[in-house]
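Since every read-out is calculated from the coordinates, none of them should be taken as a lab result. Remember, it's a predicted structure, so these values are computed and weren't measured experimentally. FYI the Cβ positions are ideal-geometry reconstructions off the backbone, even for glycines, and counts take in every protein chain you see.
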Amino acid sequence: MSIHIAAKKGEIASTVLLPGDPLRAKWIADNFLKNVTCYNTVRNMLGYTGKKNSGERISVQGSGMGMPTLGIYVNELIDTYKVKRIIRVGSAGSLQKEIGCRSIVLAMGSCSDSALNISRFPAGTIFCPTADWKLLRRAHEIAKKMNIKVIVGNNFASDKFYDPSDTWKEFAKYGVATIEMESAELYTLAAQKGIQALTILTVSNNLVTKEELTSKEREQTFSDMMKLALAI
């Protein structure tokens, strides 16, 4: 066991879906997996392992909000449980008028205002966190086959949920598609530790038009994103 995940050896699959919301993890396990076991309830950050319709084992683990919290779970999943592939399935805000609610975005890169990478790399340098190309390409190809419309774009991972300075507007000018709070750290840790990572986001609100989904809708209505993630 690790400090924050109570699973025993072998209880977590080599591929993990990583929603921020632990209740979304439960919803995924209840609605998309078979023969499910709950391997973690520590701090109510729920984790489950089950089987897809194909019979392949897969796990789903809540990661919480923000990059420092996500980093705890990603480090432990990789270092203690030898996970090889992590697919974040999260919600995001749209920074572009034409990208409306329930749009699905594959994040090929993730800008950030976080100090985490500033502290990792030499002063004056900037690391560019990116998705694993094979996973990104496969997700795009499978989405086409499933007739699920996706957008491949850049993401902005922010440490600030409430930002009165509206920093996002500067990133929007450069064509960045979405804003959320986790993907830059996921991509950085995946690169550091040599595993595959991809972020799939469903737009829950649009910062330009002010369109917005409810908390319950964000938790339980992102079916296309889950079907795509499981198909990868």
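General remarks:
- Take every DSSP beta bridge whose two residues both sit in the chain; close to 40 percent of them are antiparallel.
- Listed by chain and number, the lysines placed with their C-alpha closer than 21 angstrom to that of K173 are K97, K160, K210; residues fewer than eight positions away on the same chain are left out.
- Calculated FRET efficiency for the pair K8/D30, C-beta based, R₀ 22 Å, to 0.05: 0.50
- With the helix formula -39500 (n - 2.57) applied to DSSP H stretches of n ≥ 4, the chain reaches a computed 222 nm mean residue ellipticity of -9000 deg cm²/dmol.
- Low-density loop positions, trypsin sites (Lys or Arg not before Pro), region 44-85 - DSSP coil, at most 16 other Cβ in 10 Å: K52, K82, K84
- Looking at region 2-41, the trypsin sites (Lys or Arg not before Pro) that sit in a DSSP loop and have at most 14 other Cβ atoms within 10 Å of their own Cβ are K8, K9.
- Among N205, N31, N40: highest mean-square fluctuation, GNM of the chain, C-alpha pairs under 10 Å: N31
- Cα gyration tensor shape for region 103-206, rounded if a/c is under 1.5, else prolate or oblate: oblate
- Label of the coordinate-derived value, mean projected area of the Cα convex hull in nm², listed as (i) 15.3; (ii) 12.3; (iii) 18.8: (ii)
- Here the relative contact order of the chain, from alpha carbon pairs under 8 Å that lie six or more residues apart, stands at 26 percent.
- Whether region 8-77 is rounded, prolate or oblate, judged on the alpha carbon gyration tensor where a/c under 1.5 counts as rounded: prolate
- Segment N147-D79, extension gain: residue separation times 0.36 nm, minus the distance between their alpha carbons: 20.8 nm
- Annotation note: trypsin sites (Lys or Arg not before Pro) in region 142-196 located in DSSP loop regions with a Cβ neighbour count of at most 11 within 10 Å are K149.
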